[in-house]
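Worksheet: the structure to be examined is printed underneath.
The values are calculated or read from the model by the stated rules, or taken from the named source; none is laboratory data. Only a predicted model underlies this, so the values are computations on that prediction, with no experimental measurement involved. Note that we place each Cβ from the backbone using ideal geometry, even for glycine, and neighbour counts take in every protein chain shown. Note: areas computed on protein heavy atoms with side chains; ligands, DNA, RNA excluded. Shrake-Rupley method; radii C 1.70, N 1.55, O 1.52, S 1.80 Å.
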Amino acid sequence: MMKIIAKERLPEVLQLLAKDYNVLVPAKFEGVSRFTPYSADVELALEENVLMPPKDIFFPQTEKMYKFKAKDKSLEIEELPVEKEEQLIFGIRSCDLKSLECLDQVFLTKGYVDHFYKDKRDRTALIALSCLQPQEACFCGSMGVDPQNGVGADIQAYDLKDKIGFKAISAKGQEILEKISGLLAEEEVTIPTFGEFNLKADIEGVPEKLQGMFDHPLWADICRKCLNCGACTYVCPTCHCFDIDSEVRGEDGVKIRCWDTCMFGEYTQMAGGHNPRPTKKERVRNRFMHKLRYFPERYKMLLCTGCGRCVVKCPVNLDITAIIKKIKEAE
Amino acid sequence: MAVTVEQVKEINPLVPIKAKVIKIVQETPDVKTFHITTIDDKKPFDPLPGQLGMLSLPAIGEAMFSVTNKGENHIEMAIKSVGQLTEALHEIEEGQEVGIRGPYGNGFPLDYFKGKDILFIGGGIGLAPVRSLIMECVRNRENYGKLSVVYGARSKADLCFKEDLFENWPKVPNMDLYVTIDREEEGWDGHVGFVPAYVEELAFQPQVTVLCGPPVMIKFTLPALQKMGFADQDIITTLEMRMKCGIGKCGRCNIGSCYVCLDGPVFTMEQLKELPPEY
Ligand SMILES: Cc1cc2nc3c(=O)[nH]c(=O)nc-3n(C[C@H](O)[C@H](O)[C@H](O)COP(=O)(O)OP(=O)(O)OC[C@H]3O[C@@H](n4cnc5c(N)ncnc54)[C@H](O)[C@@H]3O)c2cc1C
Ligand code: SF4
Ligand code: SF4
Ligand code: FES
């Protein structure tokens, strides 16, 4: 038995939840789908995963860190008030849940906790939504993700074609489900079988094999098309590199951090003109090595969820599954 | 209040605390040492030798520097003027308030050095991180064996920490100093020549060595050390990569799967051989 609601009545559920939470839903806005605060007039996008990953909910593209005032010899540093609002994401897919596992590793482990990230993570509940059909570039199944059962959600919602089913996973999820139970019916359901992946990747043994491939000629080959535009890192749910900068007006300033990309040349520029990654070969190599070998070595998991966004967005069709294949086949 | 490493992990590690510069020493035409305390005259944090701190003039920038020495109530950073922030730091006067966060990085493996003869090799500003360990050895002289220091700079004026080199360290028991400059110069009767050749010429027999300096110095000194029979785990150096966060999050400073800000900056040659050759 599962708690269900007819798909067209989903807004009632979201409306009710919006009383207690800032509810973020997949919606199309000016042609780009992303998680958007729910209101009656948002255009829900439930057919496929959103283009912009949920990482900016926890790790905004630009984020204020603290304020300061510098005048003559004096300096004041002031932490910013923390937001208290509880948030809820409805409709996060399995692949993007996996990306949160990756980001948790980065921001919450190895001795230091990133307070900015943790704060948002702690006050955000997650309702996952299962996929019926992979998109053109989805290959999560190859990366150890089950598109119909997300890991780490509070509630798993199931796309039952004309209905949505809800299953509480955590205690928090149970609580949320109780809030909306008045709107839900109880029904015996079968979860539709998932479609066939168009894209696949055989990742078995790749991290280990890459160990000896730092100087392999294949990097020169792979990077040839790359424009170093950074689109792949921008849409990637797991890419987490950031820069720190400040905005200053007179005596007052704010320290901000913003997404950065290892695809740009100045990323590793050092004093005296030395740059350890001078050309796109080193940069492309670093990106794929990071995803497929360095991250697994450091955190025991891949830094790619198989969401396929970079495959879709790359202007010259650099396809990570094709690269995985090349690595597999390389001598 | 001086904070411990554990406390730093409790507070938001990306937000600096306010500190002030209480003393500035002009070391060379482009290097100054800054003595830094908290507003209430305490150590901003208690670093191990070799650890790092992020120093900022927030309106201008923030950068990582080795803590070259610590006192009862202050820490020291020796800073070379190379760009935006460091030039601005060279303009400030005593009493200037700054932001600081740290300590970061692993620091030197002190236990490994205990009881051993140590050879310190530095070039230019590269003596800054090495000095933090020399000072530890000088402070706790009985814990370490013979100390030898080979230090070189382009000219006499470019030698950092002259007070230590020519006044303080010569008085330390069982410590030998070998200072060299690249070219002959009026008023210099010390050694002339590059560090790698000098090291080779001196033919040391100590047990461990710590070296830090410009890449060419490292490149040519390593073979000399290997010839003298130093094992890879006994050759210790510090690395520099660009850094932003200092806590292993921003992704800036990776060499392979290791982050220099967290897992370094101190590495043995043995560890470096495990890492990719060119980042
Ligand atoms: C682990 C570590 C320890 C360091 N210890 C010391 C020290 O004890 N004393 C000291 O004087 N300097 C030290 N540095 C170098 C110092 O961080 C840079 O000189 C400083 O960041 C330059 O800042 P800037 O704003 O003046 O230069 P910018 O105006 O930002 O840049 C000037 C030039 O320096 C380059 N640069 C920026 N950051 C770095 C960096 N982190 N490393 C190398 N080049 C960089 C830029 O690409 C540019 O070419 C250390 C760096 C690291 C990573
Ligand atoms: S690398 Fe590409 S497929 Fe993998 S998680 Fe990032 S955007 Fe998705
Ligand atoms: S990658 Fe998998 S979980 Fe993500 S949208 Fe595609 S099918 Fe769904
Ligand atoms: S400086 Fe950010 S990861 Fe090392």
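Points worth noting:
- From the list B:GLY229, B:GLY246, B:GLY152, the one residue that fits, being within 14 Å of chain A (Cβ to nearest Cβ) and either in a strand (DSSP E or B) or of a type outside the set (S, T, N, Q) (or both), is B:GLY246.
- Looking across the range A:234-260, the residues that are open to solvent by 10 Å² or more (accessible area, probe 1.4 Å) and away from ligand 1 (no atom under 16 Å from the Cβ) come down to A:TYR234, A:CYS236, A:CYS239, A:GLU247, A:ARG249, A:GLY250, A:GLU251, A:ASP252, A:VAL254, A:ILE256, A:CYS258, A:TRP259.
- Here B:PRO206 fulfils each of the conditions (1) under 24 Å from B:THR237 (Cα atoms); (2) in contact with a helix residue (DSSP H, G or I) (Cβ under 7 Å, 6 or more places away or on another chain); (3) assigned to a loop (DSSP other than H, G, I, E, B) apart from (2).
- Search result, residues across the range B:198-217 that are open to solvent by less than 30 Å² (accessible area, probe 1.4 Å) and within 14 Å of chain A (Cβ to nearest Cβ): B:GLY213, B:MET217
- Considering the range A:66-88, the residues that are within 30 Å of A:LEU16 (Cβ to Cβ) and surrounded by 16 or more Cβ atoms within 10 Å (Cβ to Cβ) include one that is farthest from the other protein chains (Cβ to nearest Cβ), namely A:LEU88.
- When A:ILE244, A:ILE222, A:ILE191 are checked against the criterion of being among the aliphatic types (A, V, I, L, M) and within 12 Å of chain B (Cβ to nearest Cβ), A:ILE244 stands alone in meeting it.
- Residues that are closer than 17 Å to A:ASP114 by Cα and in a strand (DSSP E or B) within the range A:72-101 comprise just one, A:GLU79.
- Taking the listed residues A:GLU101, A:GLU43, A:GLU63, the one that is open to solvent by 50 Å² or more (accessible area, probe 1.4 Å) and either within 14 Å of chain B (Cβ to nearest Cβ) or within 16 Å of ligand 3 (Cβ to nearest atom) (or both) is A:GLU101, with no other qualifying.
- Of the strands (runs of 3 or more DSSP E) entirely within the range A:128-190, those holding at least 1 residues that are out of contact with any Pro (no Cβ under 8 Å at 6 or more places or on another chain) and free of Cβ contacts under 8 Å to residues at least 60 places away in the same chain occupy A:155-159, A:163-168.
- Exactly one residue out of A:TYR158, A:TYR117 is surrounded by 20 or more Cβ atoms within 10 Å (Cβ to Cβ), within 14 Å of chain B (Cβ to nearest Cβ) and at pLDDT 95 or above, and it is A:TYR117.
- Any hit, the range A:68-79, residues being over 30 Å from B:ILE17 (Cβ atoms) and not assigned by TED's automatic domain parsing to the domain that holds A:GLY230: no
- Unmet requirement for A:LEU14, which otherwise passes all of (1) more than 23 Å from A:ARG123 (Cβ to Cβ); (2) in contact (Cβ under 8 Å) with a residue 12 or more places away in the chain; (3) touching a Phe, Trp or Tyr at 6+ places or on another chain (Cβ under 6 Å); (4) of a type in the set (A, V, I, L, M): (1)
- Look at (1) at pLDDT 95 or above; (2) more than 16 Å from ligand 4 (Cβ to nearest atom) and you find that A:LEU103 fails only one, number (2).
- When residues of the range B:249-275 are limited to those that are open to solvent by 20 Å² or more (accessible area, probe 1.4 Å) and not in a helix (DSSP H, G or I), the one modelled with the lowest pLDDT: B:LEU275
- Subset tally (residues that are open to solvent by 30 Å² or more (accessible area, probe 1.4 Å) and within 16 Å of ligand 4 (Cβ to nearest atom)) for the range B:218-242: 3
- Any chance B:MET77 is buried (at least 22 other Cβ atoms within 10 Å of the Cβ) and either basic (Lys, Arg) or within 14 Å of chain A (Cβ to nearest Cβ) (or both): no
- Residue in the range B:184-193 that is touching a residue at least 12 places away in the same chain (Cβ under 8 Å), open to solvent by less than 30 Å² (accessible area, probe 1.4 Å), away from ligand 4 (no atom under 16 Å from the Cβ) and within 22 Å of the chain's Cα centre (by Cα) present: no
- Of residues in the range B:249-279 being polar (S, T, N, Q) and over 22 Å from B:GLU62 (Cβ atoms), the one nearest to the other protein chains (Cβ to nearest Cβ): B:SER257
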